[in-house]
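Here the structure comes first, spelled out in structure tokens, and everything after it is commentary.
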Amino acid sequence: MSARLALVLLAPLGACFLESGSAVECEEEWTCRSVVLEFKGAQLGDLPPLRPFTAPRPTLVGGTQDIRLQRQRGSGLIELDWPYLTDDGGGAGIQVELTGGAVVTVRGAAPQPNHLRITAPDGTLFGDSYLAGATLEEIRIVPSRPEQTRWDDKLVFAVGGAMELTVALIGRANGPSSGRIIDQSMAIAFPGAARMAWDTVRVPERTLGHHEILVTAGDRPQTAVDMEAVAGLDLIQANESAAVLPLAESTQVCFSGYKALRYVLGLDWAFATDNGTIEASESRNCARISPARSGPLTLTVNAGGKTLVKTYEVLGS
């Protein structure tokens with residue numbers, strides 16, 4: 001299959017001015033220096049951004065993903081502001097759908113990878129990323145503020161007020177492992193919900209019982225994803241078995257709340273200790289403890305109408 005090419009014009013061609021401010025006569029600016037290009041994929045609503053220069057996550061077959069092109073300048077990154085060509089090599093796994101400025105929109109074609117090459121009009125290579133299409137295996141509804149759960153936990157939600165929820169697409173490219181995949185053209189429908197991002201909605205409240213979130217992603221028909229809301233907990237468990245904390249450090253501890261053997265998402269967690277201070281963690285069901293002295297430490301955990309008291313031994317001097 002022949003390569004698929006597209007030309008994007010972003011800036012006038014001309015001389016290059018190096019970081020030091022001295023001018024260098026170059027036919028094109030990119031010939032003055034080596035080019036370091038980042039392919040920045042879609043951000044997930046419930047997870048931190050990928051590390052710089054990490055390949056974007058796979059794109060769902062039939063779905064789209066915007067790839068933002070950024071070039072290195074000095075110690076930072078700026079959007080690619082030079083004319084460029086795209087080449088998806090025939091698009092076996094992903095295909096270039098359209099380009100606009102420094103953004104290349106790709107569409108998933110099949111659960112396999114192919115290269116996306118970005119070059120100057122004269123053929124100079126700016127960057128090359130290995131991108132993949134993926135099939136959909138599962139759709140999960142998770143809180144946008146992350147929680148530390150086990151992969152095999154069955155999930156339900158706590159009743160409560162307005163909350164941001166992320167629609168997590170789980171799928172597989174051409175390898176043995178499943179993981180998060182992208183479709184920025186995904187449609188999400190829930191009564192009274194406000195769209196916050198491509199994968200995130202803010203629902204007005206979570207009332208007791210079962211609720212359907214309607215999701216249309218990729219080339220798949222609309223799917224009704226069940227979201228059950230429950231009241232209260234049966235028990236609270238510590239995620240870690242360790243009972244020793246270091247004196248001179250801040251240590252994260254996490255807990256899980258269960259109702260009928262199902263992990264309850266979206267609880268309001270409260271932590272208190274008789275030794276030192278507690279700071280909030282990025283994860284809703286976790287806290288960071290900084291002991292003030294060696295010896296015993298009692299941590300009191302409250303959520304969903306239940307209380308757990310856990311004792312630790314603080315070591316150090």
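What follows is calculated from the coordinates using simple rules that are stated; it is not laboratory data. A quick note: this is a predicted structure, and the numbers were derived from the prediction, not measured. As a convention, Cβ positions derive from the backbone with ideal geometry for all residues, glycine included, and neighbour counts pool all protein chains shown.
Structural remarks
- In sequence order, calculated HN-Hα J values of segment 172-182 (Karplus, 6.51, -1.76, 1.60; Hz; x Gly/Pro): 9, 8, 9, x, x, 9, 8, x, 6, 10, 10
- With a simple spin-label model that places each label point 7 Å from the Cα along the Cα-to-Cβ direction, the separation between A92 and R150 comes to 4.0 nm.
- With R₀ set to 41 Å, the beta-carbon distance separating D122 from N174 gives a calculated FRET efficiency near 0.75.
- Couplings 3J(HN,Hα) for segment 258-268, derived from phi with the Karplus relation 6.51 cos²θ - 1.76 cosθ + 1.60 (θ = phi - 60°), are 10, 10, 6, 6, 10, 6, 9, 8, x, 6, 8 Hz, where x marks Gly and Pro.
- Percent antiparallel among DSSP beta bridges (both partners in the chain, rounded to 5): 90 percent
- When the Cα positions of G133, P48, G160 are compared along the charge dipole of the chain, G160 comes out farthest toward the positive end, with charges on each C-beta of Lys, Arg, Asp and Glu.
- Most mobile listed residue (A238, A132, A42) in the chain, GNM with C-alpha springs under 10 Å: A238
- Oblate is the label for the chain, because a/c, from the alpha-carbon gyration tensor with a ≥ b ≥ c as root eigenvalues, is 1.5 or above and a/b does not exceed b/c.
- Computed label-point distance, nm, for sites E279 and L235 using a 7 Å Cα→Cβ extension: 3.3 nm
- Positive minus negative residues near Q237 (Lys, Arg vs Asp, Glu; Cβ under 14 Å): +1
- Net charge of neighbours whose Cβ lies under 14 Å from the Cβ of W269, counting Lys and Arg as +1 and Asp and Glu as -1: +1
- Rounded to the nearest 20 debye, dipole of the chain from Cβ charges on Lys, Arg, Asp, Glu: 720 debye
- The amide H of S185, built 1.01 Å from its N in the peptide plane, has T64 as neighbours under 5 Å, considering only residues 5 or more places off or on other chains.
- Peptides 138-145, 223-230, 285-292, 58-65 ordered by packing proxy, namely the average of other Cβ atoms within 10 Å per residue, highest first: 58-65, 285-292, 138-145, 223-230.
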